[in-house]
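Readers should treat all values here as calculations from the given coordinates under stated rules, not as data from a laboratory. Here the structure is a predicted model, which means the values were calculated and not measured. Virtual Cβ from ideal backbone geometry, glycine too; neighbours counted across all protein chains shown.
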Amino acid sequence: MNTPKIVIVGGVAGGASCAARSRRLSEEAEIIMIERGPFVSFANCGLPYHVGEVIKEEEDLLVASPELFRDRFNIDVRIQCEVTKIDRENKTVTIRKMTTGETYDETYDYLVLSPGAAPLRPPLPGIDHPAVFTVRNIPDIRAIKEMTGNGEAKSAVVVGGGFIGLEMAENLHHIGMQVSVIEMAEHVMPVLDKEMATMVNEHLDSMRVDLYLGSAVQSFENGPDGKPLVNLASGEQIAADIVIMAIGVRPETGLAKAAGLDLGPRGGIAVDGFMHTNDPNIFAVGDAVEVEGYVMGGKRLIPLAGPANRQGRLVADVILNPDKPKPFRGVQGTAVCGVLGMTVACTGETEKSLGLMAKDGKVIEYEKVYSHPFSNATYYPGAQQISFKLIFAKEDGRVLGAQAVGLAGVEKRIDVVAMAIQMGATVYDLEEAELCYAPQYGSAKDPVNMAGMIAANVLKGVSKIVHWPDLENFDGILIDVRDPEEYATGFAEGAINMPLDSLRKNLDSLPKDKEIWAYCYVSQRAYFAERILTQHGYNAKTVSGGILSYWAADADA
């Protein structure tokens, strides 16, 4: 079809990228973009930072206006219009003008659905209190700023400790509010494994953010001063000037479902690798669709702007350049979040996700290593420690996922691992990766190299590792190879202090008929101790992650 008529429902990342790419590929195509809200393309990831006055002007959130789409791309943009019905047989959509209520039908050759996902707002008693908000679009943020911008609101409750919740907590804290975070899980950032998220818990606590973990909101009520009171299932009650609901999102699938389009097992719109629905003339992209997980397969609902943008581009290529596009490669959940000066980032699978797959019968034998390197050379000012977890397949060392937490240099290491995963790389590739080095940016052995080296040592049999939870059933000897003054600051239960520098002199005091586990601060000296002991005939292993990981695991317990 030389001059197709493409109707796109929804803007922002998926719909807007599809529209712009379609025009770049064809001057002849008729392109109509229909958006329910007043803004067709805005930076929804920047919304919390406008609340926190980091992004000062609302207009800075506007990526592209309807006028820009019309003038630069010759795209017919219709804002404040809602598609209420799809007639697949006649290839028409019914559109309602939200300002007047008028309805009309529009034909299409190809229909692209980009409805996004809506914040969850469960039917809890009192949730309609005027000071209880969700965060999805610019009008939401305007309403929140109306309450926080004059300085009268002093306290906030954020319900949900995921990405949006913590970004809102950070920005409300930034403007001087006392913030409480309520999270049903045992830790914030449920996407992370527990021992990594514990470090985020501790950081929030150090910044005087009140955490209510393992807590569920039962209801809201109007306080004597007209402000909301949040009631927890535990019986606790929290008073606040404003409440932000950030407990997750659900895909907007009502329109697709009513039209008879298939939904997937997770409730999103089902699509193939080219974003086709079960109707060959209808595509779907963005937060509302289920796509294949890149690392281990399986259908995923991952609401991220990057994948949505790439899906929109792909649909334009499928429609207007059908001989050339490659299928969407899937999602691996690469994400980053700033939390009051700390950076939290992850990519690929976690132990949690691998455990869920195992329950469904998809089992992979994996191993994990922990390291705590620095963001840059320690002799250069400003070096900050990074806590890093790498997960890899035991069979061949294929990288499955990584998580990192720290004050500097976190996201660029996760970006390296994310690309490694996309290329099917192994820990041996990480071991040999050639990365930028100058003392203010990194180290000669980058944190990514270090994780790869540790993992490669394990697979090669150079090192045998164990993890702190394994200590529960351990009946051997646990040695702490730090110096005595370090040992005195805190040690693992049952550990004997045997400093590394004097270990060779004290070998005779250790039995050869029992396993010996060694740990230090971050596990480097413990590895040295393991090598000494192994070469002298002892059955030695290194506790991965050192006492830093022990403290995290202990706090988590």
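Quick notes on this one:
- Karplus 3J(HN,Hα) series, Hz, for segment 276-289 with 6.51 cos²θ - 1.76 cosθ + 1.60 (x for Gly, Pro): 6, 7, 6, 9, x, 9, 10, 10, 9, 9, x, 5, 8, 9
- Span from the segment 389-407 Cα centroid across to the segment 90-162 one, whole angstrom: 37
- Per-residue ³J(HN,Hα) for segment 112-128, Karplus 6.51 cos²θ - 1.76 cosθ + 1.60, θ = phi - 60°, Hz, x for Gly and Pro: 10, 9, 9, x, x, 9, 9, x, 5, 9, x, x, 7, x, x, 5, 7
- The loop-placed GluC sites (Glu not before Pro) in segment 87-157, going by DSSP, that have at most 12 neighbouring Cβ atoms within 10 Å of their Cβ come out as Glu89, Glu102, Glu152.
- Pairs beyond 23 Å (Cα-Cα), from Lys194/Lys227; Lys145/Lys227; Lys257/Lys324; Lys389/Lys445: Lys194/Lys227; Lys257/Lys324
- Here the residues Glu183, Glu395, ranked from fewest to most Cβ neighbours within 10 Å of their Cβ, fall in the order Glu395, Glu183.
- Eligible lysines near Lys505 by straight Cα distance, threshold 30 Å, same-chain separation 8 or greater: Lys460, Lys464, Lys514, Lys541
- Structure-based [θ]222 nm, the chain - -39500 (n - 2.57) summed over DSSP H runs of at least 4, per residue, nearest 500: -8000 deg cm²/dmol
- Seen against the Cα atoms of the chain and their longest principal axis, helix 12-25 is set at about 70 degrees.
- Charge dipole magnitude, Cβ of K and R +1, D and E -1 - segment 341-460, Cα centre, debye nearest 20: 300
- Of the GluC sites (Glu not before Pro) in segment 421-517, those whose Cβ has at most 12 other Cβ within 10 Å and which sit in DSSP loop: Glu434, Glu493
- Label of the coordinate-derived value, mean projected area of the Cα convex hull in nm², listed as (1) 29.6; (2) 36.7; (3) 33.5: (1)
- Since only Ser387, Met199, Ala495 are under comparison, the one whose Cα sits farthest along the positive direction of the charge dipole of the chain, derived from C-beta charges on Lys, Arg, Asp and Glu, is Ser387.
- Rounded to the nearest Hz, the phi-derived 3J(HN,Hα) couplings of segment 420-437 under the Karplus curve 6.51 cos²θ - 1.76 cosθ + 1.60 (θ = phi - 60°) are 4, 4, 4, 8, x, 6, 10, 5, 5, 5, 5, 4, 9, 4, 9, 10, 4, 9, where x marks glycine and proline.
- Ile547, Ile32 arranged by Cβ crowding within 10 Å, fewest neighbours leading: Ile32, Ile547
- Crossing angle, helix 138-148 versus the chain [Cα axis fit, 0-90 degrees, rounded to tens]: 60
- Overall, the chain carries a charge dipole of about 920 debye about its Cα centre when +1 sits on the Cβ of Lys and Arg and -1 on the Cβ of Asp and Glu, all other atoms neutral.
- Most positive-pole-ward Cα, Ala358, Gly151, Val188, against dipole of the chain from beta carbon charges: Ala358
- Inter-centroid distance (Cα atoms) of segment 172-239 relative to segment 314-372, Å: 28
- Averaged over residues, the count of other Cβ atoms within 10 Å places the peptides 165-176, 205-216, 529-540 in the sequence 165-176, 529-540, 205-216, highest first.
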